[in-house]
Amino acid sequence: MRTTLDLPEKLLEEAMKLTHTTTKTAVIIKALEEIVRKSKISEIKRYKGKIDLDIDLDELRDRR
């Protein structure tokens, strides 16, 4: 999908250096993926302590 954006050039260049990407498209895609990933992690963290899992880690790791 083509979109026209007015982005701060210095910010875009810094993001490209930090992420080692060579194109503006790649750095924007990487940023969008990171936003989605962080959002999903935040949603999962809401369940911390609310779900009782009866899991034996030793059994899962084949320790006896």
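Checking each residue in the range 18-31 for being of a type outside the set (S, T, N, Q) and surrounded by 10 or more Cβ atoms within 10 Å (Cβ to Cβ) picks out Leu18, Lys24, Ala26, Val27, Ile28, Ile29, Lys30, Ala31. Got at least one residue in the range 31-38 being free of Cβ contacts under 8 Å to residues at least 60 places away in the same chain, basic (Lys, Arg) and in a loop (DSSP other than H, G, I, E, B)? Among the residues of the range 31-38, not one is free of Cβ contacts under 8 Å to residues at least 60 places away in the same chain, basic (Lys, Arg) and in a loop (DSSP other than H, G, I, E, B), which makes the answer no. Annotation: of all residues in the range 34-64 being more than 23 Å from Ala15 (Cα to Cα) and among the β-branched types (Val, Ile, Thr), the one that is surrounded by the fewest Cβ atoms within 10 Å (Cβ to Cβ) is Ile51.
We did not get these values from a lab; they are worked out from the coordinates using the rules stated. Everything numeric in this text was worked out from a predicted model, so none of it was measured. Ideal geometry is used to build each Cβ from the backbone, glycine not excepted, and the neighbour counts take in all protein chains shown.
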